[in-house]
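All remarks here apply to the structure that follows.
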Amino acid sequence: MPAIAGLLFPLVCLKLGNVGKRVNSKHRKILAEALRFYRKKRKITQEKLGELAELNPKYIGEVERCEKTISVDALARIAGALKVDLTDFFKPVLEASPPDAK
């Protein structure tokens, strides 16, 4: 068994080599642009949004710059703080309805 594990380990490492890289930055960019759009539309700073959503404002900035991924739970807290539907973050900004129009 250890011999098999020794043969599989390099394959696992090769497969996991892309884990930290931006695999699908297009979707991350749509989400980031929508997050920034709704935050600015509400005239809320990253610091204030962090306070309202109970998240670190540095993390919010990193998500807006596509440097970090975001969990569904954290995104739901941001949506609640901005008073928008969670699904609004998955629409390109041009198609997204402004929060006041709902």
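The values are calculated or read from the model by the stated rules, or taken from the named source; none is laboratory data. None of the values given here were measured: they were computed from a predicted structure. Here Cβ is always computed from backbone atoms with ideal geometry, including for glycine, and neighbour counts include all displayed protein chains.
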Pull up the range 47-66, narrow it to residues that are outside any loop (DSSP other than H, G, I, E, B) and among the charged types (D, E, K, R), then point me to the one that is nearest to ARG77 (Cα to Cα).
GLU51
Among GLU51, GLU67, the single one that is on the phi < 0 side of the Ramachandran plot, surrounded by 12 or more Cβ atoms within 10 Å (Cβ to Cβ) and at pLDDT 95 or above is GLU51
Which one of the conditions (1) modelled with pLDDT of 95 or more; (2) surrounded by 10 or more Cβ atoms within 10 Å (Cβ to Cβ); (3) in a helix (DSSP H, G or I) does ILE44 fail to meet, given that it meets all the rest?
(3)
Six or more apart or on different chains, Cβ under 9 Å: which pairs go from a residue in the range 70-83 that's modelled with pLDDT of 95 or more to one that's buried (at least 17 other Cβ atoms within 10 Å of the Cβ) and acidic (Asp, Glu)? Could you list them?
ALA79/ASP88; LEU82/ASP88
Count of the range 28-63 residues which are without any contact (Cβ under 8 Å) to a residue 24 or more places away in the chain and not acidic (Asp, Glu)
12
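Conditions (1) small (Gly, Ala, Ser); (2) under 14 Å from the mean Cα position of the chain (by Cα), marked per residue:
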position: LYS41; (1), (2): no, no
position: THR45; (1), (2): no, no
position: ASN56; (1), (2): no, yes
position: TYR59; (1), (2): no, yes
position: ALA79; (1), (2): yes, yes
position: LEU86; (1), (2): no, yes
Determine if the range 22-32 includes at least one residue that is within 15 Å of GLY80 (Cα to Cα) and not hydroxyl-bearing (Ser, Thr, Tyr).
no
